[in-house]
Amino acid sequence: MTSFDSAEDLVLVAGATGGVGQLVVGKLLEKGLKVRVLTRNAAKAEEMFNQRTEIALGDIRQPATLPAATQNVTHIICCTGTTAFPSARWEFDQTPNLLEWGITFLNPKSSEAKAKNSPAKVDAQGVSNLVTAAPQNLKRFVFVSSCGILRKDQFPFSILNAFGVLDAKQKGEESIINSGLPYTIIRPGRLIDGPYTSYDLNTLLKAKTDGKYGVIIATGDTLSGDTSRIDVANACVECLFQPSSSQKIFEIVNQGQRPPVIDWETLFARLK
């Protein structure tokens, strides 16, 4: 038995126009599921998904915009996020000059306070807002988090967390876990494979797996490595069909030789 029991099921995807989110929407549509996308830019979403989805105009940073977006949804997949380090995507009121950028990197708390789209505002408060707005009879809340949540004092995660992205992701996880909603929390490693929407070195190099690496999942925040956005999106969708993945938190990376078909049911069944 899966968590999809009727034609009335409706999946809300937050962060649908981002790298992982685009792929999640595509895979949900491939399976014939009804999808509603939560977006701040309706025109962009309509063009991207060619009117194949419902469009909900809203922003997880603004709680008042969420009740209408979450009405009647049965599943939520949250792929929202921002860059780990200050960038234009942090939405500063005005673009910092060279001196201000230097101060930003020397004083992370100061830069976070000046930004509208920092990890604290998106991954912590924004996710909490979405959880609060979720229907109480929700069948599953899926959240894309990050490897390193429990290893923030260890390299390289200590560097990654310089501006609090792992702290914020952990707060987002906690709000989901404490909500009482059925959940699956997915912690990928360094995201590779397009679509390329972030501002890190991987984006510049266009790193790819070329579909040749297998999928490894584990619990306890022990894995490290690269993770294809394609496989993250697959995990987000496939877990909805596997009861064994409910109330689970797991890491996912690409390692080893890729089999002809990824057996998600078996992978999820091994989770403790």
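Under a plain spin-label model, where a point goes 7 Å from the Cα along Cα-to-Cβ, how far apart in nm are GLN136 and GLN255?
Going from the GLN136 label point to the GLN255 one covers 4.3 nm.
Order the peptides 72-82, 36-46 from the highest to the lowest mean number of other Cβ atoms within 10 Å of their residues.
72-82, 36-46
Rounded to the nearest 0.05, what FRET efficiency is calculated for LYS116 and ASP167 with R0 set to 30 Å and r the Cβ-Cβ distance?
Efficiency for this residue pair is about 0.95.
Leaving out ligands and nucleic acids, and using a 1.4 Å probe, what accessible area per residue does the range 1-80 come to in Å²?
Roughly 47 Å² per residue, with all protein chains present.
Scan around TYR183 for amide H atoms under 5 Å from its own, H built in the peptide plane at 1.01 Å from N, and keep only partners 5 or more places away or cross-chain.
Answer set, sorted by chain and number: PHE141, GLN247, LYS248.
Got a number for the accessible area of ARG140? Probe 1.4 Å, square angstrom, nearest 10.
10
Determine the share of the range 29-77's accessible area contributed by carbon and sulfur atoms, expressed in whole percent, with a 1.4 angstrom probe.
44
Order the peptides 152-160, 236-244 from the highest to the lowest mean number of other Cβ atoms within 10 Å of their residues.
236-244, 152-160
Using every Cα-Cα pair within the range 113-165, state what percent have a distance larger than 13 Å.
Everything past 13 Å amounts to 67 percent.
Give the Kirkwood hydrodynamic radius (Å, one decimal) of the range 133-272, defined as one over the mean of 1/r across all pairs of different Cα atoms.
This gives a value of 15.7 Å.
Separation between the SER244 and LYS34 pseudo-spin-labels, each 7 Å from Cα along Cα→Cβ, expressed in nm?
3.1
The values are calculated or read from the model by the stated rules, or taken from the named source; none is laboratory data. Everything numeric here is computed off the predicted structure, so don't read it as measured data. Note that each Cβ is placed from the backbone with ideal geometry, even for glycine, and that neighbours are counted across all protein chains shown. For the accessible areas, the whole protein counts, side chains as well, though only heavy atoms, and no ligand, DNA or RNA atoms are used. Shrake-Rupley method; radii C 1.70, N 1.55, O 1.52, S 1.80 Å.
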